[in-house]
1. Give segment 368-396 a look and list any residue that's among the β-branched types (Val, Ile, Thr) and assigned to a loop (DSSP other than H, G, I, E, B), or say none.
2. Can you name the residue in segment 123-146 that is at pLDDT below 95 and touching a helix residue (DSSP H, G or I) at 6+ places or on another chain (Cβ under 8 Å) and is also farthest from Val375 (Cα to Cα) among such residues?
3. Please specify each residue of segment 11-61 satisfying the condition of being farther than 24 Å from Pro231 by Cα, surrounded by fewer than 18 Cβ atoms within 10 Å (Cβ to Cβ) and hydroxyl-bearing (Ser, Thr, Tyr).
4. Considering only segment 271-289, state which residues are of a type in the set (A, V, I, L, M, F, W, C) and surrounded by fewer than 18 Cβ atoms within 10 Å (Cβ to Cβ).
5. Can you pull out the residues in segment 342-393 that are of a type in the set (S, T, N, Q) and in contact with a helix residue (DSSP H, G or I) (Cβ under 8 Å, 6 or more places away or on another chain)?
6. Name the residues in segment 252-294 that are in a loop (DSSP other than H, G, I, E, B) and out of contact with any Lys or Arg (no Cβ under 8 Å at 6 or more places or on another chain), would you?
7. Restricting segment 42-67 to residues that are touching a Gly at 6+ places or on another chain (Cβ under 9 Å) and in a loop (DSSP other than H, G, I, E, B), which is farthest from Glu170 (Cα to Cα)?
8. Evaluate the following for Thr100: is it of a type in the set (S, T, N, Q) and part of a strand (DSSP E or B)?
Amino acid sequence: MPLSPPANRPALHRTVLSNGLTLLVIENPVADIVSARLLIKAGTAREERSQAGLFSLLSSLLTKGTRHLSSMAIAEQVESIGASVGTDAAADYSLVSLKTVTADFATILALAAEMVRYPSFPAAELELEQRLTLQGIRSMKEQPFTLAFNALRAAMYGDHPYGLPGIGTEESVANLTRDDLLQAHQTFYRPDNCVMVVSGRIQPEQAIALVEQALGDWLAPDRPIPPHLYPTVPTTATHAAIAQPTNQSILVVGYPTPSVIDPAYAALKLLSTYLGNGLSSRLFVELREKRGLAYDVSAFYPTRLSASQFVTHMGTAPENQAIALQGLRYETERLGQEMLPKDELEAAKNKLLGQYALGKQTNAQLGQLLGWYEVLGLGVEFDQVFQDTIRAVTAEQAQAVAERYLRDPFTVLLGPDV
C-alpha cells in the first residue's frame, strides 16, 4: 500500500506479508546504496530479572554462527563485498541492520535471513560473549555517571525491567544458558513480531520480491506472542548517596514521566530540549555560564513503550554539590511555576525540529525512525504527527505538563564525602 509522503520525503510503501511481517520500503535513488533494518518487537524489557542481559547476548550471537555458517564464514561473506551487518538490543526491540550497494542487497539480505531464522549459538562463542559482557559490566563500575544513573534507574523502576542495564548484571549474565537463548529466540523471533524497513535505491516491487524470497516462507508458530505486562513502578521518591573517591560529584535527578502514547509526550520532549540540550539550554546558561557550578549539565527524556523518566544531570565540584543540586532542581521545577516566554518557546521548537530533521538524513536514519514508530504501534504517520504536535504546544500546555510531572524527583548523588 503506497503512502503519500510529506514534501521532500522519498516515496514510502507499506505492506504486510502473508506470514505477518510488516515491510516498509522507502525508495531513494540518490545514492547506489540500500540500507535495511529488521526490528524484532522484543528487547530487554521482555526479560525476567534473573535473565537480565538475555536479549543483548542473543543479539550479539546472531553473527556468530548459523545452521550452515560459522562466524568466520559470516564475516568473510560480509567483508568480501564491502557490506556491513550489525545487531543490537534496546529496551523495547532488538535489531539486525545491514547496508550494501544495491547490486549486493539480495546476497546480504539472504545472509541476514539465515542469521535471524537459524542461529546456532555455538558453545564456544557463547562463552566468549559472556566473558566479554562480564568485563563490560565490571568496567561500568568504574564510570561515575553510569554508576549514578544505574542507581537512579533502579530506584525509579523497582522490579520493572527498565530498572536494570540492558547489558545485564554479573549474576544474571553468568547464569544464562544456550537453552535460555533458544527459548527467547523461538518465542519472539517470528515474522508476525517483526518490522523490516528497506531504504535506498530499490523499487518497492523489487524489495518486496527479495524479502518474500528471503523471509516469505518463515512461518509464525501457532502459539500467540506472550502478553507484555509491566509491573508497577515505585511512586515514592527516594534519595541516594554513593561515596566514591572521584574528582567531581555527579548529580542525577529523575522525574517519573509517561510513555510515548501519553498526550504529555510532545510537551515533555520540548521541555527536555529547552532545559538541557546544547549550549543555549537553560541548565547550561544558568548553572554553568552564570553560576559556574557545572562541569557538564544536560537533560533527556527517553521515548519508551512503558513508563519513562525525565532526567537532569550534572557534574560539579564536591564542595558545590549541595548548592548545585538545589540549582538543578530549581531550574527544572520552575518550569511548572513560570510560563515560558514566547520567543524562548519558539526557539526550543525550532531547535528540536531542526535536530529531528538532521536525525533522518540518511537511508539508515530514516529507516530506523519509521521502523521504531511501527514497533511502538504509532505507525509511520507519527513522523508528521510528532512534528505537528510539537509546533502546536503552547506555553500554557508546557507549564501545565511541567507542573504535573516535574516535581518530587528521585535523586542520586555520587562523589567524595557524600
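The values are calculated or read from the model by the stated rules, or taken from the named source; none is laboratory data. All figures in this text were calculated on a predicted structure; none of them were measured in a lab. A quick note on method: Cβ atoms are made from the backbone with ideal geometry, for glycine too, and the neighbour counts reach across all protein chains shown.
1. Scanning segment 368-396 gives Val380, Val393, Thr394.
2. Lys141
3. Answer for segment 11-61, where residues must be farther than 24 Å from Pro231 by Cα, surrounded by fewer than 18 Cβ atoms within 10 Å (Cβ to Cβ) and hydroxyl-bearing (Ser, Thr, Tyr): Thr15, Ser18.
4. Within segment 271-289, Leu279, Val285 meet the criteria.
5. Hits for segment 342-393 are Gln355, Gln387, Thr389.
6. Pro258, Ile261, Asp262, Pro263, Leu279, Ser281, Arg291, Gly292, Leu293
7. If we take residues in segment 42-67 being touching a Gly at 6+ places or on another chain (Cβ under 9 Å) and in a loop (DSSP other than H, G, I, E, B), then Gly43 is farthest from Glu170 (Cα to Cα).
8. Yes, satisfied.
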